[in-house]
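Chemist: Structure in structure tokens, see below.
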Amino acid sequence: MRIKAKLTFGVGLLFLLIFALAAISGWYVNQLKKDTSNILAANYNTLLYSRNMLLALEDLSTDKVAIETFQKNINLQKLNVTEIGELEATNLIIKHFELLKENQNDVKLVSSTRKDITELMRLNMEAISRKSNIADDTAQRAIVIILVTGTLCFLIAFILLVNLPSNIANPIKELTESIKEIAGQNYKKRVHFESHNEFGDLAKSFNTMAEKLEEYSESKLDKILKGKKRIETLIDNLHDPVIGIDENKKVLFANEEALHISGLKKDEVIGKPIQDIAVTNDLIRTIIKDIFLPEQDLKEEPLKIYANQKESYFEKEVVNINIIPTGEEESEFIGQVILLRNITPFKELDLAKTNFMGTVSHEFKTPIASIQMGIQLLENNQIGSLNDEQHELVKGIKDDTNRLLKITSELLNITQVESGSIQINLTPTAIQPIIDYAINANKALADFKNIKLEVTNNVNDLIYADSEKTAWVLTNLISNAIRYSYENASVMIHVEKENEMIQFSVTDKGQGIEQQYLTKIFERYFRIPGTKKEGTGLGLSISKEFIEAQKGAIWVESEYGSGSSFYFTLSSQV
């Protein structure tokens, strides 16, 4: 039976029994009321009238009021005749009363009247007794029928109370427990309801769902496990070390290369907090030192690690893993992956290039010096005079030699920078001598283009710097400004104090630099496309290395068509 039908039947039956009990009880109570009312209305009043007539009969001969009382009660009795024989008795009383009114002292007539009244009372007493017995029978039947009906209602209510809640609650409880099992990914859980009701249909649907979830879970789990194995194999076969940590900094995975260079075993790493591993492992401590620090813009240097029986160089990259959970809008941080790219082959090539450049540059200096000596001898009139064509040839050779010497010097500087052998001698240094050196070095070129060099220096403090390297940078900036300025223009050299730093600036009114090239201007060998000016593209790169080696900063501001301003700052010596 369906639960709805079962509930409707049980509650409906209980309702009908309660209604029947109430109807039967009401009917019998009404019957008892009628019986009682009949006794009171029909018999009790007759007895009352008879009593009043007997009392009045005693005083009939002496009290005129007694006659009126007797007459009043006999009149009421005439209206209350209800029993068999009561009419005859009442008429007989009326007949004798009429005679008594004429002869009040007739004792025999008084006695007959008293007997008539007594007979009337007897008839009503018997009626009361009879009606009382009828009321008792009605009450007994009512008690039995109400008791039987009440017992039946109680039994049905008790059966419903015992069975109905359990029939509904037990399947719900079992279903709730099963849903919890499913929520806990126990997809093998099933429910079994024997009844063919709503719970039976629900059990079939639940079991079908659990079966499909189990099938889906097993199929997806197989795919997930295969995908996990595939990724683990891929990571393990990478030639670069890879370490993965979760949001709590616990190690999730580390490939063979990472374990090899760190000298650790997998069971010593997986599942352990990486900071605990770093306590006893110098390499891990070096790798993770910036993970626990606030984010800051640091220049990342390659890691130098002894691996594969030689010194190896690795470039570290930390990738934050953020996901957007299902149903959410904000991303959630779930871990990091530390990648160490092996740049040893590139470092070796770079070192070979640097050594080659240093060797070539150094070897070039001797023949260049010989060429310069030969040019000086050719220009000496004591050896012999030159005609105009020969003089022009010597001048061209001299210019090319100077240019070659400048290139060689820049190559030597960049070789020092790349090899890390650049020597910076920081001492308290006056500013004006640096400016004077740079002005004198570029005076000839400025005079040739009729360019005025305007200097503004209101700073009397010393700077904490390498005077030779700083003068080279300022000379290079002024030289560039002169080369890219128009004839008869001006180049401004300005020095001012900004907080604890001394700021140098060189400003020209030339063509300027386009916006897309401002971030590349300090890269090695970079030259603005389309420029016709001579240069190697190394001067600004070397200047940047020299200034940053002195803990300073260098940058450029330019508006295309209006000129450029190059700035660099150094620490002041107060």
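Chemist: Taking H as built 1.01 Å from N, whose amide H comes closer than 5 Å to the amide H of Val455, not counting residues under 5 places away?
Modeler: Ile493
Chemist: Another question, if that's okay. Mind checking which of Leu32, Ile117, Ala441 is farthest towards the positive end of the chain's charge dipole, using Cβ charges of +1 (Lys, Arg) and -1 (Asp, Glu) about the Cα centre?
Modeler: Ile117
Chemist: Classify segment 65-130 from the C-alpha gyration tensor, please: rounded if a/c falls under 1.5, else prolate or oblate depending on whether a/b exceeds b/c.
Modeler: It is prolate, given that a/c is not under 1.5 and a/b is the larger ratio.
Chemist: Please report, as a whole percent, how much of the solvent-accessible surface of the chain comes from carbon and sulfur atoms (probe radius 1.4 Å).
Modeler: 57 percent
Chemist: At 30 angstrom or more along the helix axis (alpha-carbon based) and mean Kyte-Doolittle of -0.5 or higher, what helices does the chain contain? Whole DSSP H runs only.
Modeler: Span-like helices, by this rule, are 3-38, 107-183, 344-379.
Chemist: Hey, what number do you get for the chain at 222 nm if only DSSP H runs of n ≥ 4 count, each worth -39500 (n - 2.57), divided across all residues, to the nearest 500?
Modeler: Here the helix-only value at 222 nm equals -20500 deg cm²/dmol.
Chemist: With +1 on each Lys and Arg Cβ and -1 on each Asp and Glu Cβ, and nothing else charged, work out how big the dipole of the chain is about its Cα centre, in Debye to the nearest 20.
Modeler: 2360 debye
Chemist: Hey, if you put +1 on the Cβ of every Lys and Arg and -1 on every Asp and Glu Cβ in the chain, which of Leu339, Ile243, Asn45 ends up farthest toward the positive end of that dipole?
Modeler: Asn45
Chemist: So, one more: What residues qualify as long-range amide H neighbours of Leu538, i.e. H under 5 Å apart, gap of 5 or more or another chain, H built at 1.01 Å from N?
Modeler: So Leu538 has HN proximity to Tyr525.
Chemist: A follow-up question, please. Pull out the extension gain between Lys266 and Leu175, defined as 0.36 nm times the separation in residues minus the alpha carbon to alpha carbon distance; nm, one decimal.
Modeler: Stretched fully, the Lys266-Leu175 segment lengthens by 28.3 nm.
Chemist: For the chain, report the accessible area per residue in Å² (1.4 Å probe, heavy atoms, rounded to an integer).
Modeler: Each residue of the chain exposes 63 Å² on average to a 1.4 Å probe.
Chemist: Please list, in order along segment 551-563, the HN-Hα scalar couplings obtained from phi with the Karplus expression 6.51 cos²θ - 1.76 cosθ + 1.60 (θ = phi - 60°), rounded to whole Hz, x for Gly and Pro.
Modeler: 6, x, 9, 9, 7, 9, 10, 8, 10, 4, x, 10, x
Chemist: Based on the Cα atoms of segment 51-181, what semi-axes does the equivalent ellipsoid have, where each is the square root of 5 times one gyration tensor eigenvalue, given in whole Å with the largest first?
Modeler: Listed largest to smallest, the semi-axes of segment 51-181 are 72, 14, 9 Å.
Chemist: How would you rank 499-507, 564-572, 437-445, 232-240, highest first, on the average number of other Cβ atoms within 10 Å across their residues?
Modeler: Going by the mean number of other Cβ atoms within 10 Å, highest first, we get 564-572, 499-507, 437-445, 232-240.
Chemist: Taking the dipole about the Cα centre of the chain, with the C-beta of Lys and Arg at +1 and of Asp and Glu at -1, give me whichever of Leu13, Asn460, Gln140 is farthest to the positive side.
Modeler: Farthest along the dipole direction, towards plus: Gln140.
Chemist: To continue, here is another question. Given H placed on each backbone N at 1.01 Å, which residues far from Ser490 in sequence or on other chains put an amide H within less than 5 Å of it?
Modeler: HN-HN under 5 Å from Ser490: Lys452, Lys509.
Chemist: Mind running the shape call on the chain? Use the C-alpha gyration tensor, a ≥ b ≥ c as the square roots of the eigenvalues: rounded below 1.5 for a/c, prolate if a/b tops b/c, oblate otherwise.
Modeler: Taking the square roots of the gyration eigenvalues as a ≥ b ≥ c, the chain is prolate.
Chemist: Let me make sure I get this right: for segment 447-554, a, b and c are the square roots of the gyration tensor eigenvalues over alpha carbons, sorted descending. Under 1.5 in a/c it's rounded, otherwise prolate if a/b > b/c, else oblate. Which is it?
Modeler: Verdict is oblate for segment 447-554.
The values are calculated or read from the model by the stated rules, or taken from the named source; none is laboratory data. Note that the structure is predicted; figures quoted are calculated from it, not measured. We place every Cβ from the backbone using ideal geometry, glycine too, and count neighbours over all the protein chains shown. The area values use the complete protein model at the heavy-atom level, side chains included, leaving out ligands, DNA and RNA. Shrake-Rupley method; radii C 1.70, N 1.55, O 1.52, S 1.80 Å.
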